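Below is one structure, written out as structure tokens; the observations come after it.
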Amino acid sequence: MTVYRGGCHCGNIRVAFETGRAPGDFTPQACQCGFCRKHGTAALSDPDGKLTFTIEDPDNASLYRHGLGLTDFIICRTCGVYVGAHMPDPKGDIANVMVNALDDRERFTNPPQPVVRTEEDEESKRVRRRRQWTPSTIVTGSG
Ligand SMILES: [Zn+2]
């Protein structure tokens, strides 16, 4: 397993993405919803990996919700960077991470693949994400 580290620009939100896959094995997913188009989303996930988001000051982080309201879109309120999307789920919380938030973003050389998911309802979204997304935790505070 390799740990790819990154976070927002000011350092309030840090992320660690643990994966056994090589960077060249990933095709970043470019969701085409209105929110993701505005951010130029290119997301990575690995169901066999692990994601940890560490938020030093939760007052300066937004867990923005839109659409079906299932997902916390983790955005720094100070520097504006969108770090990843985290979905609390009864079968275990899962998330993805924005490739551009990683320090080693340049190693993920495959072009993002546009994906349209406007047809998904809550259940189909949960089922797909449980297959694709990464087991995740959000830790707050510096401890
Ligand atoms: Zn920041």
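Okay, here's what the table says:
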{"quantity": "Search result, residues across segment 51-67 that are hydrophobic (A, V, I, L, M, F, W, C) and either within 11 Å of the ligand (Cβ to nearest atom) or open to solvent by 50 Å² or more (accessible area, probe 1.4 Å) (or both)", "calculated": "Ile55, Ala61, Leu63"}
{"quantity": "Residues of segment 8-18 that turn out to be crowded, with 21+ Cβ neighbours inside 10 Å and either touching a Leu at 6+ places or on another chain (Cβ under 9 Å) or assigned to a helix (DSSP H, G or I) (or both), as a count", "calculated": "2"}
{"quantity": "Filter pass, Pro114 being assigned to a strand (DSSP E or B) and either open to solvent by 30 Å² or more (accessible area, probe 1.4 Å) or of a type in the set (Val, Ile, Thr) (or both)", "calculated": "yes"}
{"quantity": "Residue check, Val139 under 16 Å from Phe17 (Cβ atoms) and surrounded by 19 or more Cβ atoms within 10 Å (Cβ to Cβ)", "calculated": "no"}
{"quantity": "Top-ranked residue in segment 27-39 [being outside any helix (DSSP H, G or I) and open to solvent by 50 Å² or more (accessible area, probe 1.4 Å); ranked as nearest to Ala95 (Cα to Cα)]", "calculated": "Thr27"}
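The values are calculated or read from the model by the stated rules, or taken from the named source; none is laboratory data. Computed from a predicted model, the values in this text were never measured in an experiment. Using ideal geometry, Cβ is built from the backbone for each residue, glycine included, and neighbour counts are taken over all protein chains shown. Accessible surface is based on the protein model in full, side chains and every heavy atom, while ligands, DNA and RNA are left aside. Shrake-Rupley method; radii C 1.70, N 1.55, O 1.52, S 1.80 Å.
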